[in-house]
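Worksheet: the structure to be examined is printed underneath.
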Amino acid sequence: SNDLNFSEILYIIRKRKRILFTVSGLIFTSLFSFTIFLRVFRPVYRGSFSLLISDPMDMQRNRRGMLQGVSMFEELAKNTTYNDIPTLIALLKSESLLKDVAQKHNLKARQLGRLITIKTGGQSGTRAPRYERADGILKVNVLTKKPKKGLALLHSLSDAYLSASLKQRQQRLNDGLEFLNTQQPLLEKKTNDLQREIVE
(Lines give C-alpha, C1' and ligand atoms only; values in the text may rest on other atoms or scores of the structure.)
Protein backbone atom coordinates (compact mmCIF):
# COMPACT_ATOMS: atom_id res chain seq x y z
CA SER A 1 0.00 0.00 0.00
CA ASN A 2 1.25 3.47 -0.98
CA ASP A 3 -0.91 5.29 1.58
CA LEU A 4 0.91 7.32 4.22
CA ASN A 5 0.68 5.97 7.72
CA PHE A 6 0.70 9.04 9.97
CA SER A 7 1.06 7.02 13.14
CA GLU A 8 4.38 5.64 11.87
CA ILE A 9 5.56 9.15 10.95
CA LEU A 10 4.63 10.44 14.42
CA TYR A 11 6.41 7.47 15.97
CA ILE A 12 9.60 8.25 13.98
CA ILE A 13 9.40 11.94 14.96
CA ARG A 14 8.95 11.07 18.65
CA LYS A 15 11.80 8.58 18.51
CA ARG A 16 14.13 11.11 16.84
CA LYS A 17 12.86 14.21 18.64
CA ARG A 18 16.10 14.73 20.57
CA ILE A 19 18.07 14.82 17.28
CA LEU A 20 15.41 17.04 15.68
CA PHE A 21 15.47 19.57 18.55
CA THR A 22 19.27 19.50 18.66
CA VAL A 23 19.60 20.24 14.92
CA SER A 24 16.89 22.96 15.07
CA GLY A 25 18.60 24.54 18.09
CA LEU A 26 21.99 24.52 16.36
CA ILE A 27 20.57 26.12 13.21
CA PHE A 28 18.72 28.80 15.21
CA THR A 29 21.78 29.54 17.40
CA SER A 30 24.15 29.80 14.42
CA LEU A 31 21.77 32.11 12.51
CA PHE A 32 21.22 34.29 15.59
CA SER A 33 24.97 34.46 16.26
CA PHE A 34 25.70 35.36 12.63
CA THR A 35 23.10 38.16 12.74
CA ILE A 36 24.58 39.56 15.96
CA PHE A 37 28.08 39.33 14.46
CA LEU A 38 26.99 41.29 11.38
CA ARG A 39 25.24 43.96 13.47
CA VAL A 40 28.21 44.42 15.81
CA PHE A 41 31.23 44.00 13.51
CA ARG A 42 29.85 44.72 10.03
CA PRO A 43 26.92 47.10 10.42
CA VAL A 44 25.30 48.76 7.42
CA TYR A 45 24.25 52.40 7.84
CA ARG A 46 21.54 54.14 5.89
CA GLY A 47 21.42 57.87 5.26
CA SER A 48 18.88 59.84 3.28
CA PHE A 49 17.81 63.24 2.02
CA SER A 50 14.77 64.52 0.16
CA LEU A 51 14.47 66.37 -3.13
CA LEU A 52 11.54 68.63 -3.97
CA ILE A 53 10.82 68.07 -7.68
CA SER A 54 7.58 70.04 -8.15
CA ASP A 55 6.03 73.18 -6.74
CA PRO A 56 3.54 72.15 -4.01
CA MET A 57 1.80 75.57 -4.22
CA ASP A 58 1.07 75.34 -7.97
CA MET A 59 -2.73 75.12 -8.08
CA GLN A 60 -2.92 74.98 -11.88
CA ARG A 61 -1.80 71.35 -12.03
CA ASN A 62 -4.37 68.60 -12.10
CA ARG A 63 -3.82 65.09 -10.75
CA ARG A 64 -1.84 63.99 -13.79
CA GLY A 65 0.62 66.82 -13.28
CA MET A 66 -0.29 68.59 -16.54
CA LEU A 67 -0.97 72.31 -16.63
CA GLN A 68 -4.58 73.43 -17.07
CA GLY A 69 -5.46 76.46 -19.15
CA VAL A 70 -1.83 77.39 -19.87
CA SER A 71 -0.52 77.91 -23.40
CA MET A 72 2.72 76.38 -24.66
CA PHE A 73 4.34 79.85 -24.77
CA GLU A 74 3.34 80.60 -21.19
CA GLU A 75 4.63 77.21 -20.06
CA LEU A 76 8.00 77.91 -21.72
CA ALA A 77 8.17 81.44 -20.34
CA LYS A 78 7.43 80.30 -16.77
CA ASN A 79 9.66 77.23 -17.10
CA THR A 80 6.88 74.96 -15.87
CA THR A 81 7.22 71.40 -17.15
CA TYR A 82 5.87 67.99 -16.18
CA ASN A 83 8.22 65.61 -14.28
CA ASP A 84 8.24 62.00 -15.47
CA ILE A 85 9.25 60.42 -12.14
CA PRO A 86 10.53 56.99 -13.37
CA THR A 87 12.69 58.72 -16.00
CA LEU A 88 13.93 61.24 -13.43
CA ILE A 89 14.91 58.43 -11.02
CA ALA A 90 16.77 56.63 -13.82
CA LEU A 91 18.60 59.89 -14.64
CA LEU A 92 19.58 60.45 -10.98
CA LYS A 93 21.06 56.93 -10.83
CA SER A 94 22.75 57.12 -14.23
CA GLU A 95 26.51 56.72 -14.60
CA SER A 96 26.88 60.07 -16.40
CA LEU A 97 25.43 61.94 -13.42
CA LEU A 98 27.20 59.89 -10.73
CA LYS A 99 30.61 59.78 -12.45
CA ASP A 100 32.15 62.82 -10.69
CA VAL A 101 30.80 61.91 -7.24
CA ALA A 102 32.03 58.31 -7.60
CA GLN A 103 35.49 59.51 -8.66
CA LYS A 104 35.67 61.83 -5.65
CA HIS A 105 34.94 58.94 -3.25
CA ASN A 106 37.10 56.31 -5.02
CA LEU A 107 34.11 54.33 -6.30
CA LYS A 108 32.88 53.22 -9.69
CA ALA A 109 29.75 54.93 -10.98
CA ARG A 110 27.93 51.61 -11.34
CA GLN A 111 28.94 50.59 -7.81
CA LEU A 112 27.65 53.90 -6.43
CA GLY A 113 24.39 53.46 -8.35
CA ARG A 114 23.83 50.13 -6.56
CA LEU A 115 24.18 51.85 -3.15
CA ILE A 116 21.43 54.35 -3.99
CA THR A 117 17.68 53.76 -3.81
CA ILE A 118 15.26 56.50 -4.83
CA LYS A 119 11.52 56.46 -4.12
CA THR A 120 8.73 58.98 -4.10
CA GLY A 121 8.54 60.65 -0.70
CA GLY A 122 5.83 60.96 1.89
CA GLN A 123 5.34 59.02 5.09
CA SER A 124 2.35 57.08 3.77
CA GLY A 125 4.31 55.16 1.13
CA THR A 126 3.19 53.82 -2.24
CA ARG A 127 0.32 51.71 -0.84
CA ALA A 128 -1.47 54.76 0.51
CA PRO A 129 -4.32 56.43 -1.41
CA ARG A 130 -3.22 58.75 -4.21
CA TYR A 131 -4.21 61.94 -2.32
CA GLU A 132 -1.95 61.01 0.64
CA ARG A 133 1.21 60.46 -1.43
CA ALA A 134 3.89 63.11 -1.82
CA ASP A 135 4.69 62.53 -5.50
CA GLY A 136 6.48 65.88 -5.69
CA ILE A 137 9.23 64.66 -3.34
CA LEU A 138 11.93 62.09 -4.02
CA LYS A 139 13.64 60.39 -1.09
CA VAL A 140 17.23 59.35 -1.79
CA ASN A 141 18.66 56.57 0.43
CA VAL A 142 22.32 55.54 0.54
CA LEU A 143 23.63 52.35 2.20
CA THR A 144 27.20 52.30 3.46
CA LYS A 145 29.38 50.46 5.98
CA LYS A 146 31.24 53.57 7.18
CA PRO A 147 29.07 56.35 8.67
CA LYS A 148 31.54 59.21 8.07
CA LYS A 149 32.12 58.17 4.48
CA GLY A 150 28.37 57.76 4.02
CA LEU A 151 27.68 61.25 5.34
CA ALA A 152 30.28 62.75 3.00
CA LEU A 153 28.75 60.76 0.14
CA LEU A 154 25.28 62.09 0.97
CA HIS A 155 26.55 65.70 0.92
CA SER A 156 28.32 65.14 -2.40
CA LEU A 157 25.24 63.52 -3.92
CA SER A 158 22.89 66.29 -2.79
CA ASP A 159 25.29 68.94 -4.16
CA ALA A 160 25.60 67.07 -7.48
CA TYR A 161 21.82 66.70 -7.81
CA LEU A 162 21.23 70.39 -7.03
CA SER A 163 23.94 71.43 -9.48
CA ALA A 164 22.50 69.20 -12.23
CA SER A 165 19.02 70.57 -11.50
CA LEU A 166 20.21 74.18 -11.80
CA LYS A 167 22.07 73.43 -15.05
CA GLN A 168 19.04 71.69 -16.52
CA ARG A 169 16.72 74.53 -15.45
CA GLN A 170 19.10 77.12 -16.97
CA GLN A 171 19.32 75.11 -20.19
CA ARG A 172 15.52 74.83 -20.32
CA LEU A 173 15.19 78.59 -19.84
CA ASN A 174 17.75 79.27 -22.57
CA ASP A 175 16.00 76.86 -24.94
CA GLY A 176 12.63 78.44 -24.12
CA LEU A 177 13.96 81.96 -24.76
CA GLU A 178 15.57 80.83 -28.01
CA PHE A 179 12.30 79.25 -29.12
CA LEU A 180 10.31 82.38 -28.21
CA ASN A 181 12.81 84.56 -30.10
CA THR A 182 12.44 82.41 -33.23
CA GLN A 183 8.64 82.59 -32.92
CA GLN A 184 8.54 86.38 -32.45
CA PRO A 185 8.90 87.36 -36.17
CA LEU A 186 6.31 84.75 -37.18
CA LEU A 187 3.85 85.99 -34.56
CA GLU A 188 4.43 89.63 -35.56
CA LYS A 189 3.84 88.79 -39.22
CA LYS A 190 0.66 86.88 -38.32
CA THR A 191 -0.53 89.86 -36.21
CA ASN A 192 0.17 92.32 -39.04
CA ASP A 193 -1.67 90.08 -41.54
CA LEU A 194 -4.67 89.83 -39.21
CA GLN A 195 -4.70 93.63 -38.66
CA ARG A 196 -4.52 94.20 -42.43
CA GLU A 197 -7.45 91.81 -42.94
CA ILE A 198 -9.45 93.64 -40.27
CA VAL A 199 -8.74 97.02 -41.91
CA GLU A 200 -9.72 95.67 -45.34
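The values are calculated or read from the model by the stated rules, or taken from the named source; none is laboratory data. These figures come from a predicted structure and were not determined experimentally. So basically every Cβ, Gly included, is an ideal-geometry build from the backbone, and we count neighbours across all protein chains shown. Heavy atoms of the whole protein, side chains included, go into the accessibility calculation; ligands, DNA and RNA do not. Shrake-Rupley method; radii C 1.70, N 1.55, O 1.52, S 1.80 Å.
Brief remarks follow.
- Cβ-Cβ FRET estimate between L173 and I36, R0 fixed at 45 Å, reported to 0.05: 0.25
- Protein accessible area in segment 156-198, 1.4 Å probe - carbon and sulfur %: 55 percent
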